[in-house]
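Single-structure report; data block below.
The values are calculated or read from the model by the stated rules, or taken from the named source; none is laboratory data. Since the structure is predicted, the reported quantities are computational estimates derived from the model, not experimental observations. With ideal geometry, Cβ positions are generated from the backbone for all residues, glycine too; neighbour counts draw on all protein chains shown. Remember, those area values only see protein heavy atoms, side chains included, never the ligands or the DNA or RNA. Shrake-Rupley method; radii C 1.70, N 1.55, O 1.52, S 1.80 Å.
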Amino acid sequence: MLYNQQTVRPINTYAGWKYAMLVIVLALAILYALPNIYGEDYALQVSGPKGGPVAAEMFEQIEQNLKDNGVEIKKSTNEDGRALIRLFDSETQLKARRLTAEFLRDKGDFGVALNLAPATPEWLENLGGSPLKLGLDLRGGVHFLMEVDMEQAISKKEDQYIDDFKSLLREQKLRYASVVRVNDVGLVARFRDEETRDSAESEIRQRFNELNTRSRETGELYEVVITIPQVKITEIKDYALQQNIATLRNRINELGVAEPLIQQQGAERILIQLPGVQDSERAKRILGATATISFQLVNESAGYNPSRAPAGAELIKEEDTGINHAIRKSPLISGEHLTDANVGYDENSMPQINVNLDSEGGAKMLAMTSKNINKPMAIIMRESKGIYEEVDGELKLVDTKLVTNVVSAPNIGAALGSSFRITGRFSPTEARDLALILRSGSLIAPAYFVEERTVGPSLGKQNIELGKTSIIVGFIAVLIFMLIYYKVFGLVANIALTSNLVFIVALMSLIPGATLTLPGIAGIVLTVGMAVDANVLIFERIREELREGTNPAQAIHNGYDKAFSTIADANITTLIAALVLFGIGTGPVKGFAVTLFLGILTSMFTAIVGSRAIVNLIYGGKSLKKISI
Amino acid sequence: MRIIKSDLNIDFLKIKMLATVTSVVLMLASIGLLATKGLNFGLDFTGGTLVEVGYEQDADLDAVKSQLANAGFDKVVVQNFGTSKDVIIRVAPIEGEDKDKIGTKVFEALKQASGENIDLRRNEYVGASMGEELTEQGGLAILVALICILIYVSVRFEWKFALGSVAALAHDVTITLGLFSLIQMEFDLTVLAAVLAVIGYSLNDTIVVFDRIRENFLKLRKAEPTGVVNTSLNQTLARTIMTSITTLLVLLALFFLGGATIHGFATALIAGVLIGTYSSIYVASNVALALGITKEDLMPPEVEKEGADQDALI
């Protein structure tokens, strides 16, 4: 027997699978929008030394301490390096912080931060559900934009090159008249005769193949002009920026902020957002704090873990092991000579730290180490830290103190010059941290605050309230209007609009990094207004068809059909505008663009596919005398 | 319910000249205002410091001003913000060491002088160079958006339509900016976002009308261009007004309930929606007509095709 391959579907009906798909998509949207109705718990977030995890026993002790002091704990978790203690109200939250901070004061470098943790039920969390992330304007906090002084970064690098050229020329016994920086030209090495100049140029070119060189004559002098190519400059800038970011990240851990954001913005700027922080001055003091490092010799005559320092030495503790070292006060090679520190691997693929010093530092290092082979050399970090005390429930800076710490004290294996490596029993993470500390102790270029915004918690709350109210009022007004104007079809449009809102909330909750800001709320409100547009276009088309005498079922079909390309064109152009906004805008404008963009996509889906499905369900598959539109 | 009668046939283009004159006058006036009075740029653009302080009682602005003068801040702008208890203080960028600490100093001075328990609601500092950059970026964003849209409309329709729609956009943006210059409302980052949203909205309107014009050109074989445009405007009028109403409904909710922070945003959009609705009727199609659109311009075969594969999609 022969069958027609394609069965003809009655007008205005959808296949069963299409309904199944719609129901599944909607159910998923509801599921992922759900975490937003659970609210947040007052919580205490504890972080270990250097922002790391808290050991299980320590966490138990912290909990026990709180319980002993009559603090009721709602729930506590110590997972994925995040130690969270959930509490019942903000008063106990403050009390718990005070108690915990006191408890941990002499137990090491712990951070205790107030936080609001989403009260999403576990089963939802396991499915990846999480509530919308609120921007700083809605939850309160501090926003900084720091700019790295790139001119300084480059001029420091140039100084270092000049040093290196001089020592190279000395090494090669090439007599130079001077090596200087000439503005708008580059670095210039001057020689008295052509021959020396030419061999100097080839030496420099050989040793520093990342640089551009050319030769010229001015007056009686023969010159080599060395310029740093753009690629290398970009590299220097990027290095300075990354170094600043790494340092800032370290310092922010000290601030005890629950979910800090540190991000590169453009080629020269760093964005820092500290939710919940109110005291911007304190934050700035810590972010702007300085750490310096130095290389010094250990006086071994004092013995292992000495309790008293011999003459000319001072006792400094090694934080990680708790062992005291007697450190000689001189000679001392300070961190300003350090130009780079990176993690590398030796022939046994053990991690090591490759350190580079400038030529002056290299010379000092050679002098210091050649006489002290097989003796330990300590790497010492001095950092100014603030001391805080709780006054009226607020932490106040009462003093700053200089914290000195032996980072590591490896043995000197051979005479060291301007580039050497530090080996030891490092884990890759430890090696990376140490390299970071070495680098951060010698920032190439300082960063300045170019923008600062503090939003108080009261304003944040008010913004949320106002945003919610205006969404609800605007939304209901549109619903009523559509219902009166289009009757049954208006109801259909309203269902589509409501599910559209659910879709936006679900998507915003799911997309990592998407935060809801006040302009974002405005974007949602605007989408609510514009989302009905697609349905209005369709319904007006259906009315037109009806006026022309088309039968109702056919009118519905034609209405959806003919409106489609119009809707697509109109929405794509708005999408272009949203994309441009997202690409070029920053901060609030981006927030607006994200919601507008998502809103257009979801509204096209709900207004075209969703509303059609409901209309089909009501009117589909039969011949109609009259429809309510 | 109907707002527009079904057998409507308004001769929109009868007052074509009047509309053109009105639009040109409004645009020239806006450009004139922007050139002379300029925009009242907010902190985001000018740089400087802004502090928002919440008092427990109604704040005495003159007292705040004199308290600040005593503390050494004499060039400040003090205004109520939203409610009479909230005050914002603007300090122009000052050259010196601690520009980023001005906000805190202002707040401390007020706290001491008032003796009240005042609340620091907002403290913003923007470096002067940041503002310049933002102005450039904002202008660039508008320009890039216009160019992208020009390209898209050229591809989907035809260059005459593209010029028509971009003319309508430029018209809407200019007049919205002109309005902001006239009422000297603060022009901040959110208002910039609103202006860009106006571009999106106004375009939406214009495209719907153009789509109908194209369809009618193909359907009404022997009609005059002017007649076709007029018919299309009539057919889309109900939709144009409906969508404007729903959008305005939510915008009014934002304007009255959204709080002072997004007042400027709502104002810009309300103005933009009204102007955009007008321009999609008069400016866009007028420009396209003036450039001489004909049926031959609009015979892209893909239009028919698009309708044909819809069943699979919906």
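Split the accessible area of the protein assembly as shown by element, probe 1.4 Å, and carbon with sulfur accounts for 55%.
Mind putting a number on the dipole of chain B about its Cα centre? Charges go on the C-beta only, +1 for Lys and Arg and -1 for Asp and Glu, and I need it in Debye to the nearest 20. In total the dipole reaches around 1240 debye.
Over the C-alpha atoms of the range A:40-118, the Rg to Rh ratio, Rh being the Kirkwood estimate, stands at 0.92.
Counting only DSSP H runs of at least 4 residues, each contributing -39500 (n - 2.57), and dividing by the residue count of chain A, the helix-based mean residue ellipticity at 222 nm comes to -16000 deg cm²/dmol. The residues of chain B present an accessible area of 43 Å² per residue when probed at 1.4 Å with all protein chains retained. Note on chain B: dipole from Cβ charges, positive end direction compared against B:ILE175, B:GLY131, B:PHE157; the farthest Cα belongs to B:PHE157. Taking a probe of 1.4 Å and counting only protein heavy atoms, give the total accessible area buried between chains B and A in Å², rounded to the nearest 100. Answer for the B-A pair: about 6600 Å² buried. Taking a straight Cα-Cα cut-off under 29 Å and skipping sequence neighbours fewer than 8 places away in the same chain, the lysines within cross-link reach of A:LYS67 are A:LYS50, A:LYS75, A:LYS95, A:LYS107, A:LYS396. Considering protein heavy atoms only and a 1.4 Å probe radius, which residues within the range A:496-523 exhibit an accessible-area decrease of no less than 40 Å² in the full assembly relative to the chain by itself? Listed by number, the residues meeting the 40 Å² cut-off are A:LEU518, A:ALA522. Relative to the Cα centre, the charge distribution of the range B:48-126, modelled as +1 at Lys and Arg Cβ and -1 at Asp and Glu Cβ, gives a dipole magnitude of about 120 debye.
Calculated accessible area for chain A comes out at 47 Å² per residue, all protein chains present (probe 1.4 Å; ligands, DNA, RNA ignored).
In the range A:535-549, the residues that give up 20 Å² or more of accessible area when the other protein chains are added, compared with the chain on its own (1.4 Å probe), are A:VAL536, A:LEU537, A:GLU540, A:ARG541, A:ARG543, A:GLU544, A:ARG547.
Taken over chain B, the convex hull of the Cα atoms encloses 176 Å³ per residue.
Rounded to the nearest 20, the Cβ-based charge dipole of the range A:40-118 about its Cα centre (Lys and Arg +1, Asp and Glu -1) stands at 140 debye. Taking every residue in B:140-152 and counting other chain Cβ atoms within 10 Å of its Cβ, the average works out to 4. The three principal axes of the C-alpha atoms in the protein assembly as shown carry coordinate ranges of 108, 87, 84 Å, sorted with the longest axis first. Specify the angular offset, from 0 to 90 degrees and rounded to the nearest 10, of the alpha carbon long axis of helix A:194-207 from the longest principal axis of the alpha carbons in chain A. Relative to chain A, helix A:194-207 is tipped by roughly 50 degrees. The orientation-averaged projection of the convex hull spanning the C-alpha atoms of the range A:151-230 amounts to 4.9 square nanometres. Projecting the Cα positions of A:ASN183, A:LEU168, A:VAL225 onto the charge dipole of the range A:151-230 (unit charges on Cβ atoms of Lys, Arg, Asp and Glu, taken about the Cα centre) puts A:LEU168 furthest along the positive direction. Values of log10 I(q)/I(0) for the range B:138-231 across q = 0.16, 0.17, 0.21, 0.22 Å⁻¹ run -0.71, -0.77, -1.01, -1.07, by the Debye formula with one identical scatterer at each alpha carbon and no solvent. Here the average projected area of the convex hull drawn through the C-alpha atoms of the range A:179-273 stands at 8.2 nm². Enter the angle in degrees (range 0 to 90, nearest 10) between the Cα long axis of helix A:230-255 and the first principal axis of the Cα atoms of chain A, meaning the one along which they spread out most. Its long axis makes an angle of about 80 degrees. Split chain A at each of the trypsin sites (Lys or Arg not before Pro) in a DSSP loop with at most 13 other beta carbon atoms within 10 Å, and the longest piece is A:426-621.
Solvent-accessible surface (1.4 Å probe) assigned to A:MET150 amounts to roughly 10 Å². Pairs spanning more than 29 Å between alpha-carbon atoms, out of A:LYS166/A:LYS237; A:LYS329/B:LYS101; B:LYS16/B:LYS37: A:LYS329/B:LYS101; B:LYS16/B:LYS37. Across chain A, the longest run free of exposed loop sites, meaning chymotrypsin sites (Phe, Trp or Tyr not before Pro) lying outside DSSP classes H, G, I, E and B with no more than 10 other Cβ atoms within 10 Å, spans A:305-629. Between the Cα long axis of helix B:225-257 and the first principal axis of chain B there is an angle of about 20°, rounded to the nearest 10. With the charge dipole of the protein assembly as shown set up from +1 on Lys and Arg Cβ and -1 on Asp and Glu Cβ about the Cα centre, the Cα lying farthest toward the positive end among the listed residues B:LEU274, A:ALA506, A:SER623 is that of A:SER623. Dimensions of the range B:48-126 from C-alpha coordinates, computed as largest minus smallest value along each principal axis and given longest first, are 34, 23, 18 Å.
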